[in-house]
Structures are given as structure tokens and as C-alpha cells.
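Undergrad: Quick one: structure below, then a few questions.
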Amino acid sequence: MTKGVYAAAFFPLVFCAEQAANQMITTISGLSEDDICCILSMAPTVDSVRTSILSKDWVPRWRWTLRINISDSSLFTNSSNRLNRVLEFVTSAIRLIPTFSEFELLLYDSQYSAEQIRNWMLEVLQRDIVSVRIRYRGETVELPPGLFHCRTLRKLKLEVTSHFLSPAIGSFDNLKTLKLSRIDIISTENPNNLQLQFPMLKKLCLDDCNWVNAASVAIRAPALIKFRVRQFLVPPPGSVYLLIQILAPKLELFEFCGYLLWRMDLLQALSVSTLNISHRGINGSPDYLSWNASCTQRILSQCLMVRSLKLEGEVVEMMFKSGQVHQLRELNLLKHLEFHSSCDPKSFLQFLEVTPYIEHIRLTVCGWDTFDYDSLESLPSCVVYQLVEVEFLGFKGTAPQCLLASFFLENGTVLRKMSGLYRQKREERHEERTLWEELRKQSFWEELKKKSTHVDFDVGE
């Protein structure tokens, strides 16, 4: 019997103990202690504690859970002394559960003491802890030094306001997953050229992190597979134009969302197969946007083996306007492209010149209402000769959008499917279907069908 079957049989008893049937009690009682311990570990800690009401035999069992998972959003919500009761519950759980290896603490109230959170971390690090996740949006938390040197730690996720002092950050010898949110990484070396070593790290996520007192950063992670960066904070002085070198020969996925504050070099990036770059909601000076566009172009020029590419935001438009697209080398392995920007449609089609073997395109055409079909005569017909499927987002059947669809039909020699999605949410499916039915009645639709009889025009599901 699998763990999922155990959970399905057990949880109705946990949450509705008074209604449990005798047959269910017999089934649960027949499980081994290891299986019951595994089931209790999958449930939130507060629900594991509640199993104590089942019988006298169940009173101590919650203490043998392998994982502490506590969220203050579900604890003592109607209590007038809620804050103190949450503190007492967390402290008791850490001290009474002797063998847990995973610790997850999600605090949505910002009134807790940062010193208390540090004390909890000190107690947790005294165990053979494997995974730690802490979320707290209050005052700055001083991290205990033992965190950096914990030999058993494999996964660390910190969503707190705090700071890492280097080179201590390079002491995570056995860490495989690292997520830092709102962390200041402060250089204590002289000269301020950081060399960070992560010998076992496979997943790295930096969410609104800042580099302080650093001139350049080199992150060496020979086992790194996934690297995500999200940056939406206003850049502090000295952090813009910082050079960050990523030396990760096994890197497969690189994802960037927000402000590109640094000059980022993906050295040895031949293994990157999935590249996502999204500059949503950026409002800045033309010089700043130009800098972001240059950095984006630099990353594209380094990831020549990419197979799936997503570009989004106004910085992409800036990159196209500056003519940097023409400086790119061909992305010969690219098969799937997502493109969400309000750039000139002709510039987008010119970008396809460096993707000669593209097969699937998904693009947003909202705002693409100024389009001169005659200007496409300078583009070669081989731009999309291997294109199999095109999906439009925001397709409303305007003349420029239909001209773009017509271009794909005329030049996509193996095109098999074209779909247009008007909706942004699934709830608008009825409106979308009505739109497509109206489009089918218009004259341009017949012209499209004449140009290609083998394409399946889909209303989108």
C-alpha cells in the first residue's frame, strides 16, 4: 500500500474523528508504526497534534513525526492572546519532537521577535536537520553561524530580512537546494571579488537579494541544474552594473524576472536548454532600459544550445528597437518560443531569422494593431519553413493580426495548427468561442483558408 493510499484512509479520521467508522479505525490500527509516522509527517503539525484525541494510544504518537510544518495563519485565529500562544506552540513542538529532519515555519504576522526566530533556528540546528524553510516579514533576523556549517543540511529556503557574510556563505558543502529572499549578501573580503563555492548545489533561487560591498561575484556550482533570479526592489547604490559570473557546466534552466541589475555572464552555458527572461512592470529611464536590453542580448548570445525560450516585457521591445537582435548568432536548436511584448511585428519576424528551426510559437498580439503587410516583402520565406504550430494570445481578428496570420500561412510549409486565444482567463471561454464564430463569417477567413487548406484552425480549449 502506498503512502497516498494511507493518507486517503487516514485524513478523514484526523479531521472528523467523531464520525470515523469502526472499520476505518481497524484499518488505521493495522498499520505499522513506521507507516503511521510517515502519515503524520505529511500533515501539518497542528493536525498531527489533534490525533491525540483518538485514543490513549495516540496521545504520544504525534511526537514521532519526521517533519515540523507550522503556519501561524491556521493557529489560534480566534484567540485574544494569539501571538503568545503561537510562540508557545512552536517552542513546544521543537522541544517535544525528538527526531524531526524537516522544519518549515511560515509566519505571516510581522510582530514576532527576530531574536525568538534565531533561538528556534539554534535549537533546530542541533538535530540532524535536512531541510529548513522559514518565512518571516518582520525585523532583521541575525542568522546563527552554525547554519552555514551544518553538514546534514540539504535544502535551505529563507524568506526573511537578513544578511549573509561572505565567505561564510561558501561553507554550504552539502547543500542541494538554496532559496534566498530579501537577503543582503555582504562582502567581507579584500579585494571585494567574491568567490562562492557550492559543490553539491542543484537548485539556486535569488529573490530580491542584494550584493553589498562587492565589485564582482563568481558563483561556482558544478552540479547546478536550475537557476532562478527575481529582482523587483529598487536597486541600492553600488549594486547596478555589478558583474556576476555563473560557472555551472550542467546548468539546464535559467530564469530571470524583473530588473536586470547586474551584468550577468553565464559562463560554460552550453548546457542551458530552457531560458526564460521576463521584464514585467519596469518603469525606468531610457539608459536603464537600454542597459537591461544589452544584458538580455548578452545572455541570449551565450545560450546557443537553448531549446525553449520565453521573452516578455518592454525591455525586449527596447532590445529590438536598438537593433541588437541582428547581432545575435543563430539559435539552431530552438524549437519552442514564447514571445510576449508590444514590439513591432516586423521586428519579431526578423528575430525569427536567427531561429531557423523553430517549430512552436506562442505570442501575444495585444497592441499589434499597426502592421504594414507590404513591409514583409524583404523577409525571406524560409523564416518559418519548419513551423508546425502557432498560438496567438489576445487575438481579436483585427486586420493587422490577420495579416500576421496570413504571413505564417503563406510561409509555413509544414504548418499544421493555428489557434487564437482571445481570453486571458478560462472563464471567458464562451466569449472567445463567440468571437471565433464571428471571425469565421468574415471575408478574411475565406482568404486564409484559400492560402492553406491543410491547417487546422482551432478555437482553443
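Undergrad: Considering only the range 102-146, state which residues are aliphatic (A, V, I, L, M) and assigned to a helix (DSSP H, G or I).
TA: Ala114, Ile117, Met121, Leu122, Val124
Undergrad: Please go through the range 28-75 and pick out each residue that is in a loop (DSSP other than H, G, I, E, B), small (Gly, Ala, Ser) and buried (at least 16 other Cβ atoms within 10 Å of the Cβ).
TA: Passing the criteria: only Ala43.
Undergrad: Out of (1) under 14 Å from Ile277 (Cβ atoms); (2) modelled with pLDDT under 85, what's the single condition that is false for His326?
TA: (1)
Undergrad: Which residue pairs have Cβ atoms under 6 Å apart, sit 6 or more places apart or on different chains, and have a first residue in the range 55-79 that is charged (D, E, K, R) and a second that is not in a loop (DSSP other than H, G, I, E, B)?
TA: Arg63/Leu96; Arg67/Ser41; Arg67/Glu102; Asp72/Val86; Asp72/Leu107
Undergrad: Which one of these is buried (at least 19 other Cβ atoms within 10 Å of the Cβ) and in contact (Cβ under 8 Å) with a residue 24 or more places away in the chain: Ser162, Ser166?
TA: Ser166
Undergrad: Right, Val240: surrounded by 15 or more Cβ atoms within 10 Å (Cβ to Cβ) and modelled with pLDDT under 90 or not?
TA: No, not satisfied.
Undergrad: Select from the range 126-155 the residues that are closer than 16 Å to Gln197 by Cβ and touching a Cys at 6+ places or on another chain (Cβ under 9 Å) and list them in ascending order.
TA: Within the range 126-155, none qualify.
Undergrad: Only one of these is surrounded by 19 or more Cβ atoms within 10 Å (Cβ to Cβ), modelled with pLDDT under 85, assigned to a helix (DSSP H, G or I) and in contact with a strand residue (DSSP E or B) (Cβ under 8 Å, 6 or more places away or on another chain): Phe395, Phe348. Name it. Write out each step before concluding.
TA: Numbers: Phe395 fails: assigned to a helix (DSSP H, G or I).
The conditions single out Phe348.
Undergrad: A further question follows. Is one or more of the residues making up the range 330-338 closer than 30 Å to Pro249 by Cα, at pLDDT 80 or above, over 22 Å from the mean Cα position of the chain (by Cα) and buried (at least 16 other Cβ atoms within 10 Å of the Cβ)?
TA: Yes, the range 330-338 contains at least one residue that is closer than 30 Å to Pro249 by Cα, at pLDDT 80 or above, over 22 Å from the mean Cα position of the chain (by Cα) and buried (at least 16 other Cβ atoms within 10 Å of the Cβ).
Undergrad: Please work out if Val306 is out of contact with any Pro (no Cβ under 7 Å at 6 or more places or on another chain) and modelled with pLDDT under 75.
TA: No: the conditions fail for Val306.
Undergrad: With on the phi < 0 side of the Ramachandran plot, modelled with pLDDT of 80 or more, assigned to a strand (DSSP E or B) and out of contact with any Asp or Glu (no Cβ under 6 Å at 6 or more places or on another chain) as the only criterion, which of Cys295, Cys257 stands out?
TA: Numbers: Cys295 fails: assigned to a strand (DSSP E or B).
Sole residue among the options that is on the phi < 0 side of the Ramachandran plot, modelled with pLDDT of 80 or more, assigned to a strand (DSSP E or B) and out of contact with any Asp or Glu (no Cβ under 6 Å at 6 or more places or on another chain): Cys257.
Undergrad: While we're looking at this one, here's another question. Taking the range 199-216 as the search range and keeping residues that are assigned to a loop (DSSP other than H, G, I, E, B) and of a type in the set (D, E, K, R), which one is farthest from Leu253 (Cα to Cα)?
TA: Ranking the candidates gives Asp208 first.
Undergrad: Filter the range 76-107 for residues that are surrounded by fewer than 11 Cβ atoms within 10 Å (Cβ to Cβ) and within 32 Å of the chain's Cα centre (by Cα) and give the result.
TA: Passing the criteria: only Thr77.
Undergrad: So, Arg362, is that one assigned to a strand (DSSP E or B) and modelled with pLDDT of 80 or more or not?
TA: Here the answer is yes, as Arg362 does meet what is asked.
To keep it simple, each residue is scored yes or no on (1) modelled with pLDDT under 85; (2) within 19 Å of Ile219 (Cβ to Cβ); (3) of a type outside the set (S, T, N, Q).
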position: Thr140; (1), (2), (3): no, no, no
position: Gly146; (1), (2), (3): no, no, yes
position: Arg154; (1), (2), (3): no, yes, yes
position: Val160; (1), (2), (3): no, no, yes
position: Ser166; (1), (2), (3): yes, yes, no
position: Lys176; (1), (2), (3): no, yes, yes
position: Lys179; (1), (2), (3): no, yes, yes
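Undergrad: Would you call Ala8 more than 33 Å from the chain's Cα centre (by Cα) and at pLDDT below 50?
TA: no
Undergrad: Please go through (1) closer than 18 Å to Leu158 by Cβ; (2) touching a strand residue (DSSP E or B) at 6+ places or on another chain (Cβ under 7 Å) for Asn119 and return the number of the only condition it doesn't satisfy.
TA: The number of the failed condition is (2).
Undergrad: If you don't mind, there's one more thing I want to ask. Can you report the number of residues in the range 398-412 which are surrounded by fewer than 17 Cβ atoms within 10 Å (Cβ to Cβ) and either in a helix (DSSP H, G or I) or among the aliphatic types (A, V, I, L, M) (or both)?
TA: The total comes to 3.
Undergrad: Here are Val383, Val390: which of them is aliphatic (A, V, I, L, M), outside any loop (DSSP other than H, G, I, E, B), at pLDDT 80 or above and under 29 Å from the mean Cα position of the chain (by Cα)?
TA: Numbers: Val383 fails: under 29 Å from the mean Cα position of the chain (by Cα).
Among Val383, Val390, only Val390 is aliphatic (A, V, I, L, M), outside any loop (DSSP other than H, G, I, E, B), at pLDDT 80 or above and under 29 Å from the mean Cα position of the chain (by Cα).
The values are calculated or read from the model by the stated rules, or taken from the named source; none is laboratory data. Nothing here was measured: the structure is a model prediction, and the numbers come from that model. Using ideal geometry, Cβ is built from the backbone for each residue, glycine included, and neighbour counts are taken over all protein chains shown.
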